[in-house]
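Below: one structure, written as structure tokens.
The values are calculated or read from the model by the stated rules, or taken from the named source; none is laboratory data. Just so we're clear, the structure is a prediction, and the values are computed from it rather than from any experiment. FYI the Cβ positions are ideal-geometry reconstructions off the backbone, even for glycines, and counts take in every protein chain you see. The accessibility values were calculated without ligands, DNA or RNA, using every heavy atom of the protein model including side chains. Shrake-Rupley method; radii C 1.70, N 1.55, O 1.52, S 1.80 Å.
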Amino acid sequence: MSEAFPDIPKIQFEGPKSKNALSFKHYNADEVVAGKKMRDHFRFGVAYWHAMRNTLSDPFGGGTSQKPWDDGTDSIANAQKRAHVCFEFMEKLGIDYYCFHDRDVAPEGKSLSESNQIFDAVADTLEELQKATGKKLLWGTACLFANPRYNQGAATSPNANVFAYGAAQVKKALEVTHRLGGEGYTFWGGREGYSTLWNTDLKREMDHLAAFLHMAVDHKKKIGFKGPFYIEPKPREPSTHQYDSDSAACLNFLRQYDLLEHFKLNIETNHATLAGHSMRHELEVALAAGALGSIDANTGDELIGWDTDQFPTNIYLTTNIMLVLLKMGGFTTGGLNFDAKVRRESFEPVDLFHAHIGGMDAFARGLKIAASIVEDGRLEALLKQRYSTFDSGIGAQIEKGEVGFAELEAYTLKNGEPVIGSGRQEMLENLINEFI
Ligand code: XLS
Ligand code: NI
Ligand code: NI
């Protein structure tokens, strides 16, 4: 194993009183909270594209990130070296999973077949590293947005040859994900949308996207890949509008094209807020459809209108997320993948550690808070009380489908004006604050 971070020890849990920046104050992997070890609640993942590949460039300047182990070339040896570094990073942080795009782990060659060979060579290294460390692939994906051929989309490109190229790339990414025991496979349609409707046949593009996903489902069955497919909603950026704009739009799309049984959603906080929703909203919509699969853990900046992919440190955010996850009964194949990058000003390797430690600690606090709220029971009781008129009498008949408009008219003529209760929002907000 390489020694890319010689000055950084394995990060240990030291408790809330510790002043050591390179320690966990709250995340204690084997501590049991709400009946399960913390590591099993979270199933944290490192996003290869951010941790290993992001140079931290922005529209106004080039990269700043220091990666002394990386020689900056597209050689296979360099790609394999990075894989070693990523596993050392995961080991030191005690993170069990990672996620990648094909082109993050392996550079693109001059042809599809060369790219595939390079990908296989790096996958050999990843497989060895997984065996040696016990680390696992949470999900894989294909980068269908960086190469110039995809500038007008992949599955929704107006050019059939681009569609075909994208399909070939996903086929390979799916096979490598399967080979590496990936627990799921993600589709994020970065450029599957439009820049202007003047040049777009929206209906035809959506039909093409559905056809592409059906082909992926067929291929998954063919190779025996058992993990779920995830769709990752995002409303815009890089395109003006993406077809997978939010949870509700994705679910509608999947239902319309008969794909829902094969897909779950991978919800990302910064995408939720770009769509004008809270993370909690996006999670609840997915959960209500039985389709909450995985989470890209990050956060945006309220003052910046794009996908800033910051590490989540807000305890209210993590509490909301953990309340939904506890309600769901926890992840099955999914996990919390840190789709997040350090700021351009935080360019040293150690900053990557601080960032992940902060995110993991914020989730540990969110879990403990959410578990205490559930254990306390008052929130749940108030919610139950709020809907209690549906538990018996006319409400129960409505829920069972036993009555229609005529019966409800007769009932109301007799019952008169309803007596309703307060929503108690402020009281509930105060209650939540008791735990934070
Ligand atoms: C970009 C997305 C991307 C996906 C994987 O905004 O979050 O990183 O998670 O393609
Ligand atoms: Ni993401
Ligand atoms: Ni994102």
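Miscellaneous remarks
- All conditions in (1) buried (at least 16 other Cβ atoms within 10 Å of the Cβ); (2) aromatic (Phe, Trp, Tyr); (3) within 16 Å of ligand 3 (Cβ to nearest atom) hold for residue 306, with the sole exception of (1).
- Any hit, segment 176-197, residues being in a loop (DSSP other than H, G, I, E, B), farther than 26 Å from residue 296 by Cα, open to solvent by 10 Å² or more (accessible area, probe 1.4 Å) and of a type in the set (Val, Ile, Thr): yes
- Lone unmet requirement of (1) of a type in the set (S, T, N, Q); (2) in a helix (DSSP H, G or I); (3) open to solvent by less than 20 Å² (accessible area, probe 1.4 Å) for residue 372: (3)
- Restricting attention to segment 51-71 and to residues that are within 16 Å of ligand 3 (Cβ to nearest atom) and in contact with a helix residue (DSSP H, G or I) (Cβ under 9 Å, 6 or more places away or on another chain), the residue that is farthest from residue 326 (Cα to Cα) turns out to be 53.
- Whichever residue in segment 71-124 is in contact with a Cys (Cβ under 9 Å, 6 or more places away or on another chain) and open to solvent by 10 Å² or more (accessible area, probe 1.4 Å) and, among such residues, is farthest from residue 42 (Cα to Cα): 108
- Within segment 147-171, tally of residues that are in a helix (DSSP H, G or I) and within 16 Å of ligand 1 (Cβ to nearest atom): 4
- Answer residue from segment 287-303, given it is away from ligand 3 (no atom under 16 Å from the Cβ) and in contact with a helix residue (DSSP H, G or I) (Cβ under 6 Å, 6 or more places away or on another chain) and is least open to solvent (accessible area, probe 1.4 Å) among those: 292
- The residue of segment 263-283 that is nearest to ligand 3 (Cβ to nearest atom), among those that are part of a helix (DSSP H, G or I) and open to solvent by 50 Å² or more (accessible area, probe 1.4 Å), is 273.
- Test for residue 189: is it of a type outside the set (Phe, Trp, Tyr), closer than 17 Å to residue 263 by Cα and within 15 Å of ligand 1 (Cβ to nearest atom): yes
- Of 292, 274, all but one fail to be within 22 Å of residue 139 (Cα to Cα) and either modelled with pLDDT of 95 or more or in contact with a His (Cβ under 7 Å, 6 or more places away or on another chain) (or both); the exception is 292.
- Any chance residue 409 is closer than 29 Å to residue 34 by Cβ and either in contact (Cβ under 8 Å) with a residue 40 or more places away in the chain or open to solvent by 40 Å² or more (accessible area, probe 1.4 Å) (or both): no
- Per-region count, segment 198-237, residues open to solvent by less than 30 Å² (accessible area, probe 1.4 Å) and within 16 Å of ligand 3 (Cβ to nearest atom): 6
- Matching option when the condition is closer than 19 Å to residue 324 by Cα, within 25 Å of the chain's Cα centre (by Cα) and not polar (S, T, N, Q), among 355, 371: 371
- With respect to (1) open to solvent by 40 Å² or more (accessible area, probe 1.4 Å); (2) touching a helix residue (DSSP H, G or I) at 6+ places or on another chain (Cβ under 7 Å), the lone exception for residue 168 is condition (1).
- Under the condition of being under 18 Å from residue 39 (Cα atoms), small (Gly, Ala, Ser) and part of a loop (DSSP other than H, G, I, E, B), the residues counted in segment 312-360 number 4.
- Residue-level analysis places residue 255 outside the set of residues that are assigned to a loop (DSSP other than H, G, I, E, B) and on the phi < 0 side of the Ramachandran plot.
- Qualifying residue in segment 256-271 (condition: among the charged types (D, E, K, R), modelled with pLDDT under 95 and within 13 Å of ligand 1 (Cβ to nearest atom)): no
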